[in-house]
Amino acid sequence: MKILHVTGYKPTELGIFKENDPRIVFIKAAIEKRLRAFIEEGLEWVIISGQMGIEQWAADVIMDLKEEYNVQIGVFPPFENMDQRWPNPIKEKYEELMMTADFFKPLYKGEYQGAYQFRAKDLWLIDKSDAALLLVDDEYPGSVKFFYDATKRTSKEYPIFTITPQDLDDIVQELQMQDPNYWD
């Protein structure tokens, strides 16, 4: 696998409303753990649409991993100015991502025109990647369901790797156990 698409929930779907929410640390740690393993097996590119939440947090992780590994990130939003109605802190983060990504190109010129752009984005990302890593809870798939459903309609063999609530619980426990005070 050379190209991996990473996606998952938007922050509000996780009950996260601020960029300094402590749960983001655990989510990023889970993403990093999975990405490290993929990179060590030959992963070269991570591609995302740049949406807020899991995709932007994955971009943060990749930017950190670039210090250790030769891995690149490509950002392909469905249309220009996707961040137009986002809160300012997330908008600023997206603008920084546009400038620091190894590749950035909206799939459609111009502003939002219709839901078809999101469907086309999902199909394009499936076509251009070898597999996907999704942070998803099967009982509450949220907006991730649209991408997941699109993978079922593709004719190509498309592996889906997941980070589940159990994986997040395991990461929380791992990180807590690394704290020397945990054992007191």
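Structure data summary
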| read-out | value |
| --- | --- |
| 5 angstrom amide H check on PHE79, placed H, neighbours 5+ away | LEU107, TYR108 |
| Stretchable slack from LEU175 to MET98, in nm (0.36 nm times residue separation minus alpha-carbon distance) | 24.6 nm |
| Overall form of the stretch 40-89 per C-alpha gyration tensor (a/c, 1.5; a/b vs b/c) | prolate |
| Accessible surface of ILE16 - all protein chains present, 1.4 Å probe, nearest 10 Å² | 10 Å² |
| Three-way shape label, the stretch 21-148, alpha-carbon gyration tensor, a/c 1.5 | rounded |
| Prolate/oblate/rounded label for the stretch 1-73 (Cα gyration tensor, a/c 1.5) | prolate |
| Efficiency of FRET between GLU19 and THR154 - r from beta-carbon atoms, R0 45 angstrom, step 0.05 | 0.85 |
| Pair LYS145, LYS128: separation of 7 Å Cα→Cβ label points (nm) | 2.7 nm |
| In Hz, Karplus ³J(HN,Hα) per residue of the stretch 31-39 (6.51, -1.76, 1.60; θ = phi - 60°; x = Gly, Pro) | 5, 4, 4, 5, 5, 4, 4, 5, 5 |
| Accessible surface of the stretch 1-80 [probe 1.4 Å, protein heavy atoms]: carbon and sulfur percent | 51 percent |
| Accessible area of the stretch 87-131 belonging to carbon and sulfur atoms, whole % at 1.4 Å probe | 56 percent |
| Integer Hz, Karplus 6.51/-1.76/1.60 couplings in order for the stretch 113-119, x for Gly and Pro | 10, x, 4, 4, 5, 6, 5 |
| Cα-based reach from LYS109 at 16 Å (exclusive), listing lysines while leaving out same-chain residues under 8 positions away | LYS121 |
| The chain: relative contact order in percent, alpha carbon pairs under 8 Å with at least 6 residues between | 28 percent |
| Solvent-accessible area per residue for the stretch 94-184 (1.4 angstrom probe, square angstrom) | 66 Å² |
| Residues of the stretch 32-68 with amide N under 17 Å of a point placed 7 Å along Cα→Cβ from LYS91 | 51-53 |
| Amide H contacts of VAL6 (H built 1.01 Å from N, under 5 Å, at least 5 apart or other chain) | ILE47, LEU133 |
| Projected-area mean, the stretch 84-184, by convex hull of Cα positions, square nanometres | 10.0 nm² |
| Candidate aspartates and glutamates - alpha carbon under 17 Å from LYS145, same-chain residues fewer than 8 apart omitted | GLU13, GLU55, ASP122, ASP137 |
| Residues of type lysines that LYS128 reaches as a straight line, Cα spacing below 17 Å, ignoring anything fewer than 8 places off in the same chain | LYS2, LYS105, LYS152, LYS156 |
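The values are calculated or read from the model by the stated rules, or taken from the named source; none is laboratory data. Note that the coordinates shown come from a computational prediction; the quantities given were computed from them, not determined experimentally. Neighbour counts run over all protein chains shown; Cβ positions are idealised from the backbone, glycine included. For the accessible areas, the whole protein counts, side chains as well, though only heavy atoms, and no ligand, DNA or RNA atoms are used. Shrake-Rupley method; radii C 1.70, N 1.55, O 1.52, S 1.80 Å.
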